[in-house]
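Visitor: I'd like to ask some things about the structure below.
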Amino acid sequence: MKKIFITDYDGTLFQNGTVTEKDLEMIHSFRKKGGLFGIATGRIVNSIRHEVEKYDIPVDFVVGVNGAMLMDGSFNKLHSFDIEEDLALEVLSFLRDNGAIHYSISDGYNIHRQGLDTGTLRDFYVSFEEILSNKVRGLYGKMQTRNDSFKICKAINNQYGNHIQALPNYNYLDMASSKTDKYHAIEKYLNWLDDEYEVATAGDAHNDLKMLKNYKGYAMRHGDPVIVKQISRKVDTVAEAIEAFLNN
């Protein structure tokens with residue numbers, strides 16, 4: 001059976017400020033053997049595209065904004081999931097009123113940030129009006145502590161869970177339509193393929209858990225302990241995970 005491998009980016013493929021040559025060589029080898037390789041990330045599309053181009057990562061598809069954006073290997077949009085504008089604005093106000101260090105709204109490609117500006121995505125900043133003139137596809141926040149992030153996620157899911165899903169990511173939180181997540185977007189991609197595929201995934205955090213559990217998941221040993229303990233296969237790198245997947 002043909003194989004597909006999908007990895008989370010930050011903390012999984014991207015570790016210690018880089019993507020290693022060993023990981024890249026293994027990805028190239030995997031694809032030469034007929035495998036398809038994808039990235040599933042909470043990042044906005046233009047941010048992950050910058051990373052793919054910077055490190056020359058060969059991709060067949062990309063899931064962005066925690067499932068809200070599904071792109072092919074050339075970053076053409078295959079599908080997207082939107083958030084109702086009025087609900088998005090309510091959640092931004094909720095984050096502001098509950099101590100978020102910063103909070104952001106995205107159309108899936110770029111982002112508008114409010115609160116403390118850390119500058120991490122400054123190349124992709126656009127005006128609030130520009131985001132609203134498109135479709136809202138993602139919301140982000142940063143809290144003081146990991147515990148604060150979990151509490152706010154629970155509150156958002158309790159109040160808006162029929163429309164918006166909030167996932168904690170250490171002291172950050174990522175929000176997308178409740179109709180999607182990384183796993184759901186991967187399933188949508190698989191449904192477009194003609195052949196049957198064996199699927200493996202790699203990740204380290206809460207927004208990876210569903211795709212780790214529903215496919216042959218490989219958890220990063222250094223990942224969130226709450227996630228790592230739920231996954232039997234544990235690795236240190238994407239290269240190690242792909243090698244195990246090929247040999248299994």
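Visitor: Checking PHE150 against (1) in a helix (DSSP H, G or I); (2) touching a residue at least 24 places away in the same chain (Cβ under 8 Å), which single condition isn't satisfied?
Guide: (2)
Visitor: I've got another one for you. I'm told GLY141 meets every condition in (1) under 18 Å from HIS50 (Cβ atoms); (2) buried (at least 22 other Cβ atoms within 10 Å of the Cβ); (3) touching a Phe, Trp or Tyr at 6+ places or on another chain (Cβ under 6 Å); (4) of a type outside the set (Lys, Arg) except one. Can you identify the failing condition by its number?
Guide: (1)
Each row is one residue, and each column tells you yes or no for (1) outside any helix (DSSP H, G or I); (2) in contact with a strand residue (DSSP E or B) (Cβ under 6 Å, 6 or more places away or on another chain); (3) small (Gly, Ala, Ser).
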{"site": "GLU25", "(1), (2), (3)": "no, no, no"}
{"site": "SER29", "(1), (2), (3)": "no, no, yes"}
{"site": "LYS54", "(1), (2), (3)": "no, no, no"}
{"site": "ASN66", "(1), (2), (3)": "no, yes, no"}
{"site": "PHE75", "(1), (2), (3)": "yes, no, no"}
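Visitor: Further question: Given the options LYS77, LYS54, LYS22, LYS33, name the one that is more than 30 Å from ASN247 (Cα to Cα) and either modelled with pLDDT of 95 or more or in contact with a Phe, Trp or Tyr (Cβ under 9 Å, 6 or more places away or on another chain) (or both).
Guide: Step by step, each of LYS77, LYS54, LYS22, LYS33 is checked, and only LYS77 is more than 30 Å from ASN247 (Cα to Cα) and either modelled with pLDDT of 95 or more or in contact with a Phe, Trp or Tyr (Cβ under 9 Å, 6 or more places away or on another chain) (or both).
Visitor: Cβ contacts < 8 Å: first residue farther than 9 Å from TYR218 by Cα and in a loop (DSSP other than H, G, I, E, B), restricted to the stretch 230-241; second residue modelled with pLDDT of 95 or more and among the β-branched types (Val, Ile, Thr), any location; separation 6+ or different chain. Result?
Guide: THR237/THR20
Visitor: Still on this structure: Within the stretch 113-130, does at least one residue satisfy the condition of being modelled with pLDDT of 95 or more, within 20 Å of the chain's Cα centre (by Cα) and crowded, with 19+ Cβ neighbours inside 10 Å?
Guide: There is no residue in the stretch 113-130 that is modelled with pLDDT of 95 or more, within 20 Å of the chain's Cα centre (by Cα) and crowded, with 19+ Cβ neighbours inside 10 Å.
Condition check ((1) crowded, with 22+ Cβ neighbours inside 10 Å; (2) touching a Leu at 6+ places or on another chain (Cβ under 9 Å)) across all residues:
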position: THR12; (1), (2): yes, no
position: ASP23; (1), (2): yes, yes
position: GLY35; (1), (2): no, yes
position: ILE44; (1), (2): yes, yes
position: ASN66; (1), (2): yes, yes
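The values are calculated or read from the model by the stated rules, or taken from the named source; none is laboratory data. Note that the structure is predicted; figures quoted are calculated from it, not measured. All Cβ positions, glycine included, derive from the backbone under ideal geometry; neighbour counts span all protein chains shown.
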